[in-house]
Protein chains: 2
Amino acid sequence: MRDLSQDSRWFAVNSATVKAWTLEQLVEGCKRAGVSAIAPWRDIVQACGVEKASRLIRDSGLAVTCLCRGGMFPAADEAGRRAALDDNRRAVDEATAIGAQCLVLIAGGLPKGSKDLAAAHEQVRDGIAALLPYARDAGMPLAIEPLHPMTAADRACVNTLAHANDLCDELGEGLGIALDVYHVWWDPDLPRQIERAGERILTYHVCDWLVPTRDLVFDRGMPGDGVIDLKHIRAMVEATGYAGHIDVEIFSTLDWWKRDPEKVLRICLERHRTVV
Amino acid sequence: MRDLSQDSRWFAVNSATVKAWTLEQLVEGCKRAGVSAIAPWRDIVQACGVEKASRLIRDSGLAVTCLCRGGMFPAADEAGRRAALDDNRRAVDEATAIGAQCLVLIAGGLPKGSKDLAAAHEQVRDGIAALLPYARDAGMPLAIEPLHPMTAADRACVNTLAHANDLCDELGEGLGIALDVYHVWWDPDLPRQIERAGERILTYHVCDWLVPTRDLVFDRGMPGDGVIDLKHIRAMVEATGYAGHIDVEIFSTLDWWKRDPEKVLRICLERHRTVV
């Protein structure tokens with residue numbers, strides 16, 4: 001297990017953590033803080049313009065651990081699924097343009113009006129299968145991210161690492177996993193599934209689970225402020241050979257998004273050295 | 001699969017659904033509505049007094065599908081775990097006194113200050129193992145209820161039917177399962193685990209998953225108002241031979257708890273016939 005206490009080289013900041021910043025501000029903020037890697041969401045890349053974003057990131061020397069995010073495959077009709085696939089191809093293009101190491105996918109939930117979870121699972125599998133040839137041609141790895149079961153209805157119906165591993169088994173080359181502790185820490189099957197995932201883990205995200213949690217999406221904690229045994233999980237992930245960045249991704253309307261991004265970034269860096 | 005459209009004989013109301021009612025009011029309300037079974041929580045039984053509650057229920061002729069709830073085994077120290085065990089023995093006594101068909105257990109979460117999930121899992125297993133001889137002597141079946149993963153930290157660290165099945169495998173006679181659709185509907189492994197559970201399913205609870213869900217505990221929906229495929233899950237449960245009551249249990253500070261319990265009970269009955 002890597003010693004991070006003196007070493008921020010594996011730290012990456014997710015743009016969602018410093019949500020008030022544009023891509024330009026993020027790049028500048030990283031420069032000031034000595035941060036060498038980012039994980040941007042598509043919104044700030046698109047707001048900047050993909051070409052300009054690409055130049056800006058290349059000139060900055062920042063590594064891009066992943067682009068967040070594609071996916072959201074299920075839809076109520078064929079036109080909706082086609083639109084999702086088109087959008088995912090654009091996401092592959094954007095990820096390629098900015099030199100991202102992978103494109104994170106979240107599954108999507110039940111189509112509007114549907115209660116058929118098994119059908120949604122199939123649409124996710126079929127959507128990834130349809131996207132894979134395009135991503136392989138672009139040399140862009142896809143990383144399916146299992147999301148917490150509380151998001152199954154409206155965000156993502158792939159909710160366990162076991163399910164993500166099953167998809168990788170089935171769909172093969174070009175598909176890996178984005179592992180975020182927030183979504184999987186509760187799972188008694190986690191040790192076995194991390195071992196099974198092995199080299200499939202393409203990007204590793206951390207934050208913390210707060211007690212109480214006041215919102216199902218936007219109340220994530222700063223690493224160290226919750227109950228997730230972060231070092232234990234990182235030890236398991238690194239035991240598989242994972243040697244990539246650790247991306248701090250915090251959604252927090254109630255706390256961190258209200259603060260100065262500059263200070264939030266400093267606290268992330270400090271926690272990276274002490275509790276991650 | 002049973003046809004419920006003309007038949008309310010398998011309907012049971014959980015006291016949490018009509019939370020404003022005392023046990024006396026619940027018994028009267030059931031009489032007026034033609035409801036033949038209840039699933040009380042311990043608070044209203046204790047508020048009534050166990051002996052009086054026992055008489056009241058016996059005289060009413062109401063079936064008691066389960067008593068909610070014991071459990072909450074993990075604690076920061078030995079004294080805390082002993083206190084939990086003592087309280088669970090009292091819960092067995094109360095369940096016996098009111099003629100409940102089983103005592104529902106929820107696991108409990110991480111002890112205060114702990115991030116050691118595996119240790120909490122062990123404390124739950126050890127707690128149930130310690131309680132079982134007492135429950136067996138009383139002839140009171142225990143029903144471990146897997147709770148949604150979003151409750152893992154502070155309420156229950158048994159979060160999948162697979163985990164509950166594993167506990168039953170390990171601990172044997174006298175332990176079964178309380179299955180509530182709210183907690184397990186998202187699980188891709190559900191069909192297999194329901195089949196595996198078979199006769200272990202001692203009590204079956206329904207409500208619905210709302211989109212959006214505004215609170216992690218107290219925003220459950222009335223059956224039919226959310227996205228859970230209730231008939232599909234009931235079909236799987238009844239395919240195992242389950243022929244018991246269907247208990248409507250709704251926690252809802254934001255909606256149903258604000259309404260007249262009399263009217264809530266009528267709506268539950270109607271939904272039982274149409275969507276459950």
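The values are calculated or read from the model by the stated rules, or taken from the named source; none is laboratory data. What you see is a predicted model; the values in this text were computed from it and never measured. Please note: Cβ atoms are built from the backbone with ideal geometry, for glycine as well, and neighbour counts cover all protein chains shown. Ligands, DNA and RNA are stripped out before the accessible areas are found, and what is left, the full protein with its side chains, is counted by its heavy atoms. Shrake-Rupley method; radii C 1.70, N 1.55, O 1.52, S 1.80 Å.
Residue count for the stretch A:185-201 satisfying the condition of being more than 10 Å from chain B (Cβ to nearest Cβ) and either part of a loop (DSSP other than H, G, I, E, B) or among the charged types (D, E, K, R) (or both): 5.
Taken together, the residues in the stretch B:129-146 that are open to solvent by 10 Å² or more (accessible area, probe 1.4 Å) and either within 14 Å of chain A (Cβ to nearest Cβ) or more than 14 Å from the chain's Cα centre (by Cα) (or both) amount to 9. Among the residues of the stretch B:207-258, those identified as away from every other protein chain (no Cβ under 13 Å), open to solvent by less than 10 Å² (accessible area, probe 1.4 Å) and acidic (Asp, Glu) are B:247, B:249. If the condition is being more than 25 Å from residue A:238 (Cβ to Cβ) and not in a loop (DSSP other than H, G, I, E, B), then the stretch A:2-21 contributes only A:18.
Just so you know, in the stretch A:44-69 the residues that are part of a helix (DSSP H, G or I) and free of Cβ contacts under 8 Å to residues at least 12 places away in the same chain include one that is farthest from residue A:105 (Cα to Cα), and it is A:59.
All of B:130, B:164, B:153 fail the test of being free of Cβ contacts under 8 Å to residues at least 40 places away in the same chain and either closer than 20 Å to residue B:120 by Cβ or of a type in the set (A, V, I, L, M) (or both), apart from B:164.
Screening residue B:24 against (1) outside any helix (DSSP H, G or I); (2) touching a Cys at 6+ places or on another chain (Cβ under 9 Å); (3) without any contact (Cβ under 8 Å) to a residue 40 or more places away in the chain leaves a single unmet condition, (1). Just wondering, is there one or more residues in the stretch B:48-64 that are under 29 Å from residue B:240 (Cβ atoms), among the small types (Gly, Ala, Ser) and either out of contact with any Phe, Trp or Tyr (no Cβ under 6 Å at 6 or more places or on another chain) or modelled with pLDDT of 95 or more (or both)? Yes, the stretch B:48-64 contains a residue that is under 29 Å from residue B:240 (Cβ atoms), among the small types (Gly, Ala, Ser) and either out of contact with any Phe, Trp or Tyr (no Cβ under 6 Å at 6 or more places or on another chain) or modelled with pLDDT of 95 or more (or both). With the requirement that a residue be open to solvent by 10 Å² or more (accessible area, probe 1.4 Å) and either over 19 Å from the mean Cα position of the chain (by Cα) or farther than 26 Å from residue A:90 by Cα (or both), what does the stretch A:1-26 give you? Result: A:1, A:2, A:3, A:5, A:6, A:7, A:8, A:9, A:10, A:24, A:25.
The combined condition, being part of a helix (DSSP H, G or I) and open to solvent by less than 70 Å² (accessible area, probe 1.4 Å), is fulfilled by residue B:83.
Among the listed residues A:182, A:204, which satisfies the condition of being aromatic (Phe, Trp, Tyr) and more than 12 Å from every other protein chain (Cβ to nearest Cβ)? Going through A:182, A:204 in turn, the sole match is A:204. The residue list A:74, A:111 contains one member that is in contact with a strand residue (DSSP E or B) (Cβ under 8 Å, 6 or more places away or on another chain), over 26 Å from residue A:199 (Cβ atoms) and within 14 Å of chain B (Cβ to nearest Cβ), which is A:74. Looking at residue B:120, is it within 14 Å of chain A (Cβ to nearest Cβ), under 30 Å from residue A:232 (Cβ atoms) and crowded, with 23+ Cβ neighbours inside 10 Å? For residue B:120, the condition - within 14 Å of chain A (Cβ to nearest Cβ), under 30 Å from residue A:232 (Cβ atoms) and crowded, with 23+ Cβ neighbours inside 10 Å - is met. Screening residue A:31 with (1) closer than 20 Å to residue A:232 by Cα; (2) surrounded by fewer than 23 Cβ atoms within 10 Å (Cβ to Cβ) gives one miss only, at (1). What number of residues within the stretch B:87-115 satisfy the criterion of being farther than 15 Å from residue B:154 by Cβ and free of Cβ contacts under 8 Å to residues at least 12 places away in the same chain? Of the residues in the stretch B:87-115, 1 are farther than 15 Å from residue B:154 by Cβ and free of Cβ contacts under 8 Å to residues at least 12 places away in the same chain. Evaluate the following for residue B:49: is it over 23 Å from residue B:178 (Cα atoms) and loosely packed, with under 14 Cβ neighbours inside 10 Å? For residue B:49, the condition - over 23 Å from residue B:178 (Cα atoms) and loosely packed, with under 14 Cβ neighbours inside 10 Å - is met. Any residue at all in the stretch A:87-103 that's open to solvent by less than 10 Å² (accessible area, probe 1.4 Å) and within 14 Å of another protein chain (Cβ to nearest Cβ)? The answer is no, given that none of the residues of the stretch A:87-103 is open to solvent by less than 10 Å² (accessible area, probe 1.4 Å) and within 14 Å of another protein chain (Cβ to nearest Cβ). Evaluated against (1) within 30 Å of residue B:257 (Cα to Cα); (2) in a loop (DSSP other than H, G, I, E, B); (3) over 16 Å from the mean Cα position of the chain (by Cα), residue B:231 falls short on exactly one condition, (2).
Checked against (1) touching a residue at least 24 places away in the same chain (Cβ under 8 Å); (2) touching a Ser or Thr at 6+ places or on another chain (Cβ under 8 Å), residue A:241 passes all but condition (2).
For the stretch B:168-194, filtering for residues that are over 17 Å from the mean Cα position of the chain (by Cα), of a type in the set (A, V, I, L, M) and open to solvent by 10 Å² or more (accessible area, probe 1.4 Å) leaves 1. Residue A:158 meets each of the listed conditions (1) in contact with a Ser or Thr (Cβ under 9 Å, 6 or more places away or on another chain); (2) assigned to a loop (DSSP other than H, G, I, E, B) apart from (1).
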